[in-house]
Amino acid sequence: MARKVAYRKKRQNRLAMILVTMVVLMMLVVVAVKSVELREKKEGYDIKVAQLQAEIDAEKARTEEIEEYGKYTQTKKYVEEVAKDKLGLVYEGEIIFKDEN
């Protein structure tokens, strides 16, 4: 009878070990799948960050251009250009040559 009890315990231990191993393997598979998903998400976010950084750089360059244009509009040269181009004004004694086209 002692042999039967020992055999049952040994069999139960094997079954328990197999079940524990299966659970650990299942958890390992789940962790691996989630890890792959997270890597893909991270790569997507890295691409998005690079795109947003490029947009920020472009906007900074545009801001600088606008600031430079704002400074240029405050100069005498700009005022003269606008007066000549838009209003057709000239300096006294200045001669204008036009094409006959």
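The values are calculated or read from the model by the stated rules, or taken from the named source; none is laboratory data. The structure displayed is predicted, hence computed values, not measured ones. Virtual Cβ from ideal backbone geometry, glycine too; neighbours counted across all protein chains shown. Just the protein is used for accessible areas: all its heavy atoms, side chains included, with ligands, DNA and RNA removed. Shrake-Rupley method; radii C 1.70, N 1.55, O 1.52, S 1.80 Å.
Of note:
- Test: residue in the stretch 3-13 that is open to solvent by 100 Å² or more (accessible area, probe 1.4 Å), at pLDDT 95 or above and more than 26 Å from the chain's Cα centre (by Cα): no
- Close pairs (6 angstrom Cβ cut-off, 6 or more residues apart or separate chains): without any contact (Cβ under 8 Å) to a residue 24 or more places away in the chain in the stretch 51-76, surrounded by 10 or more Cβ atoms within 10 Å (Cβ to Cβ) anywhere: Tyr72/Tyr78
- For first residues located in the stretch 78-97 and farther than 22 Å from Glu68 by Cα and exposed (fewer than 12 other Cβ atoms within 10 Å of the Cβ), partners that are at pLDDT 80 or above and among the β-branched types (Val, Ile, Thr) and lie 6+ apart or on another chain with Cβ distances below 9 Å form the pairs Ile96/Val90.
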